[in-house]
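Here the structure is laid out as structure tokens; the discussion comes afterwards.
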Amino acid sequence: MTRQQTTATLVLGLAALLATAAPAAAGEPLGSNLFGGYSYLKLDESSRHGANLALDFRAFGPVAGFVDVSTHWGSEEGVSLNDVTLMAGPGVRFGNRWGTAFFVRALAGLVQDKGTVSVLDVDISETDSRFGVLAGGGVDFRVTKKLAARVQADYLWNDVSEGVASSSSGFRVSAGVVYRLGIAP
């Protein structure tokens, strides 16, 4: 995946999150949270840097819905590695929305990996899409009425194609800014 494709994926992911944010915020007096930030992924033996976008909204009581999009890139032994995760699922939010808030979640969705090798100015790539599960939690620290700082950690497990290995797993850590939708200025 080229940088342009990665950028396009992030822009489309953000547009999808924003499109779902307005209806979610309209039905919830406390608002929804839109997160964006830096992400680090340690998948098996490979370390990758990237970006993470997420939307969470109240479903009922402390139960919330979460949508998460991330992309990571790096290289290992001359192979350029890129991945994209698109996940959604339930979670629980608790704490004070006007102060510190905590959440835990379990998400499922798509994991797509791409490996590219360059030989004499020719790129040879292989892309694999499969099912994945993301489970973890985080904490939001209030900065202003509409902004918070978030730190989150997740465990990623995904089912790898036949002939490679049975599964792949690792940890993802993200930090960034939360914009609280639905709050009057």
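The values are calculated or read from the model by the stated rules, or taken from the named source; none is laboratory data. Predicted, not measured: the structure shown is a model, and the values here were computed from it. Cβ: placed from backbone, ideal geometry, glycine included. Neighbour counts: every protein chain shown.
Observations, loosely collected:
- In the range 82-106, residue farthest from residue 68 (Cα to Cα) [restricted to those that are polar (S, T, N, Q) and in contact (Cβ under 8 Å) with a residue 24 or more places away in the chain]: 100
- Selected residue (criterion: nearest to residue 103 (Cα to Cα)) from residues of the range 36-48 that are assigned to a strand (DSSP E or B) and among the charged types (D, E, K, R): 42
- Top-ranked residue in the range 61-73 [being closer than 21 Å to residue 37 by Cα and touching a Phe, Trp or Tyr at 6+ places or on another chain (Cβ under 7 Å); ranked as surrounded by the fewest Cβ atoms within 10 Å (Cβ to Cβ)]: 65
- Given (1) at pLDDT 85 or above; (2) surrounded by 13 or more Cβ atoms within 10 Å (Cβ to Cβ), index of the condition residue 145 fails: (2)
Residue-wise test of (1) at pLDDT below 85; (2) touching a helix residue (DSSP H, G or I) at 6+ places or on another chain (Cβ under 9 Å); (3) surrounded by fewer than 12 Cβ atoms within 10 Å (Cβ to Cβ); (4) assigned to a strand (DSSP E or B).
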{"position": "15", "(1), (2), (3), (4)": "yes, no, yes, no"}
{"position": "21", "(1), (2), (3), (4)": "yes, no, no, no"}
{"position": "29", "(1), (2), (3), (4)": "yes, no, yes, no"}
{"position": "50", "(1), (2), (3), (4)": "no, yes, no, yes"}
{"position": "53", "(1), (2), (3), (4)": "no, yes, no, yes"}
{"position": "75", "(1), (2), (3), (4)": "yes, no, no, yes"}
{"position": "90", "(1), (2), (3), (4)": "no, no, no, yes"}
{"position": "93", "(1), (2), (3), (4)": "no, no, no, yes"}
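- Residue 58 being surrounded by 13 or more Cβ atoms within 10 Å (Cβ to Cβ), charged (D, E, K, R) and either at pLDDT 90 or above or out of contact with any helix residue (DSSP H, G or I) (no Cβ under 9 Å at 6 or more places or on another chain) (or both): no
- Residues of the range 107-118 satisfying the condition of being surrounded by 17 or more Cβ atoms within 10 Å (Cβ to Cβ) and under 15 Å from residue 65 (Cα atoms): 107, 109
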